[in-house]
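Chemist: One structure, as C-alpha cells, below. Some questions next.
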C-alpha cells in the first residue's frame, strides 16, 4: 500500500519536473533567481491503493494564476489508468532575501499562462 505522505512526495517531484520543463529548474531557481516559490497550501485525496513498484502517471496542470501565487493540480493514475490520488498545491512568490510576498515574475507568469493555455497536463512517470 502507498503510504499517504508519499503521495505528497510524488506530487513535489512532479512539480520539480514541471519547473524543469519550463526552464526553471531548482538549481536555476535557488542560485540565479531573486525569488522563491514556497508551497503555502496543499491538499491531497487518496482514491485507490497502490503497491510498491507500481508505475504511476502523474499529470500536473496549472489551475489558476493570481498576482502573487499560482495553483497546480495533480492527478495520479496507475498503469491501468485508474486514478489513485489527486492533489493541489498553492505556491507564492516571495523575495529571496526578505521572504516577503512579491508579484510573480513576468517570465514565470508568461510560462505558467502558456501551460495553462495548452490545457494539456504535463506528465511524469515514476514507480511507487
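Chemist: From Cα pairs below 8 angstrom and at least 6 apart in sequence, can you work out the relative contact order of the stretch 4-127, rounded to a whole percent?
Modeler: Relative contact order comes out at 29 percent.
Chemist: Angle, helix 4-21 long axis vs. longest principal axis of the chain, Cα atoms, 0 to 90°, nearest 10?
Modeler: 50 degrees
Chemist: Provide 94, 40 in ascending order of the number of other Cβ atoms located within 10 Å of each residue's Cβ, fewest first. Walk me through the numbers on the way to the answer.
Modeler: Details: 94 17, 40 12.
Placing the least packed residue first, the sequence is 40, 94.
Chemist: Computed on alpha carbon atoms, what radius of gyration and Dmax characterise the stretch 4-127, expressed in Å?
Modeler: Expressed in Å, the Cα Rg and Dmax of the stretch 4-127 come to 14.8, 46.
Chemist: Right, another one. Taking 0.36 nm per residue of separation and subtracting the Cα-Cα distance, what length does fully extending residue 71 through residue 110 add? The partial results should precede the final answer.
Modeler: Working: separation 39, 0.36 × 39 = 14.04 nm, distance 1.46 nm.
Gain on extension, residue 71 to residue 110, equals 12.6 nm.
Chemist: Report, in deg cm²/dmol and to the nearest 500, the calculated mean residue ellipticity at 222 nm for the chain, where each DSSP H run with n ≥ 4 adds -39500 (n - 2.57) and the sum is divided by the residue count. Before the final figure, lay out the partial values.
Modeler: On the way: 2 runs with 31 residues, N = 128.
Value at 222 nm, helices only, nearest 500: -8000 deg cm²/dmol.
Chemist: To the nearest 10 degrees, how steeply does helix 106-118 sit against the main Cα axis of the chain, on a 0 to 90 scale?
Modeler: 30 degrees
Chemist: Starting with the fewest neighbours, write out 48, 73, 98, 93 ranked by other beta-carbon atoms found within 10 Å of each beta-carbon.
Modeler: Values: 48 12, 73 17, 98 8, 93 20.
Ascending Cβ contact count within 10 Å gives the list 98, 48, 73, 93.
Rule-based calculations on the coordinates, nothing more; no lab input. Just so it is clear, the structure is predicted and the values come from calculations on it, not from any experiment. A quick note on method: Cβ atoms are made from the backbone with ideal geometry, for glycine too, and the neighbour counts reach across all protein chains shown.
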